[in-house]
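Working notes, structure below.
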Amino acid sequence: MRIALFEPDIPQNTGNILRLGACLGIPIDIIEPTGYIFDDKRLQRSLMDYVKYINYKRHIDWDAYVKWSNKNKYRIILLTTKSRKAYTTFKFSKSDALLFGRESAGVPDYVHEKAYERLLIPLKQNRRSLNVSTAVAMVTGEALRQIT
């Protein structure tokens, strides 16, 4: 299983997610371009000294990521507010790449089209979304519970 971030905007969130991956032993994919320079001090501050434990891969763009995912036989599981299927009802697999969109805009339609499945974190009425690092932690926890 992997965590993938589509064109992340906020370096602190990316740092938190990289730290989560380091602590849980989960590789992270960063699909560029990012909304910051990758050596941003805010990213480094949230990552703290866990940098020596992270396992990540940067992909130059969406097309490169899809090609790499297909070659390595990963199922792209998109977490999106534009789904009606709750992540808690899905059967996760070790070959899943949990994909999360940009904090400011989610993902475009061409990303939705390539997803194996689109899942939702159910929220109370009139609430738009969670912080992406919170969403990653919730869904990753459920996926790990199922596959380990």
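The values are calculated or read from the model by the stated rules, or taken from the named source; none is laboratory data. Since this is a predicted model, take the numbers as computed values, not measurements. Because the Cβ atoms are built from the backbone with ideal geometry, glycine has one as well, and the counts that use them run over all protein chains shown. Keep in mind that these areas ignore ligands, DNA and RNA; they rest on the heavy atoms of the full protein, side chains included. Shrake-Rupley method; radii C 1.70, N 1.55, O 1.52, S 1.80 Å.
Tell me which residues, restricted to segment 102-148, are among the small types (Gly, Ala, Ser) and open to solvent by 70 Å² or more (accessible area, probe 1.4 Å). Working first, answer last.
Step one: list which residues in segment 102-148 are among the small types (Gly, Ala, Ser), which gives 104-106, 115, 129, 133, 135, 137, 141, 143.
Those that are among the small types (Gly, Ala, Ser) and open to solvent by 70 Å² or more (accessible area, probe 1.4 Å): Ser104, Ser129.
Can you name the residue in segment 56-83 that is among the hydroxyl-bearing types (Ser, Thr, Tyr) and over 13 Å from the mean Cα position of the chain (by Cα) and, of all such residues, is most open to solvent (accessible area, probe 1.4 Å)? Steps first, please.
So in segment 56-83, the residues among the hydroxyl-bearing types (Ser, Thr, Tyr) come out as 56, 65, 69, 74, 80-81, 83.
Still in the list and also over 13 Å from the mean Cα position of the chain (by Cα): 69, 74, 81, 83.
Working: Ser69: 1, Tyr74: 56, Thr81: 92, Ser83: 19 Å².
The selected residue is Thr81.
Has segment 31-38 got any residue that is touching a Phe, Trp or Tyr at 6+ places or on another chain (Cβ under 6 Å), open to solvent by less than 40 Å² (accessible area, probe 1.4 Å) and under 19 Å from Glu103 (Cα atoms)?
So far as segment 31-38 goes, yes, one or more of its residues are touching a Phe, Trp or Tyr at 6+ places or on another chain (Cβ under 6 Å), open to solvent by less than 40 Å² (accessible area, probe 1.4 Å) and under 19 Å from Glu103 (Cα atoms).
Return the total of residues in segment 18-30 being touching a Phe, Trp or Tyr at 6+ places or on another chain (Cβ under 8 Å) and in a loop (DSSP other than H, G, I, E, B).
Restricting attention to segment 18-30, the residues satisfying the condition of being touching a Phe, Trp or Tyr at 6+ places or on another chain (Cβ under 8 Å) are 18-19, 21-23, 27-30.
Okay, now just the ones that are also in a loop (DSSP other than H, G, I, E, B), so 27.
Total meeting the criteria: 1.
Condition check ((1) out of contact with any Gly (no Cβ under 8 Å at 6 or more places or on another chain); (2) basic (Lys, Arg); (3) at pLDDT below 95) across all residues:
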residue: Val51; (1), (2), (3): yes, no, yes
residue: Ile54; (1), (2), (3): no, no, yes
residue: Ile60; (1), (2), (3): yes, no, no
residue: Tyr65; (1), (2), (3): yes, no, no
residue: Asn70; (1), (2), (3): yes, no, no
residue: Lys73; (1), (2), (3): yes, yes, no
residue: Lys82; (1), (2), (3): no, yes, yes
residue: Ala86; (1), (2), (3): yes, no, no
residue: Thr89; (1), (2), (3): yes, no, no
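Which pairs turn up if I take residues in segment 64-88 that are in a loop (DSSP other than H, G, I, E, B) and look for partners that are surrounded by fewer than 11 Cβ atoms within 10 Å (Cβ to Cβ) with beta carbon separation below 8 Å, at least 6 apart in sequence or on another chain?
So the pair list comes out as Thr81/Arg128.
Determine which member of the set Glu117, Glu103, Glu113 is under 27 Å from Pro33 (Cα atoms), touching a residue at least 60 places away in the same chain (Cβ under 8 Å) and charged (D, E, K, R). Give the steps one after another, and end with the answer.
Values: Glu117 fails: touching a residue at least 60 places away in the same chain (Cβ under 8 Å); Glu113 fails: touching a residue at least 60 places away in the same chain (Cβ under 8 Å).
Going through Glu117, Glu103, Glu113 in turn, just one is under 27 Å from Pro33 (Cα atoms), touching a residue at least 60 places away in the same chain (Cβ under 8 Å) and charged (D, E, K, R): Glu103.
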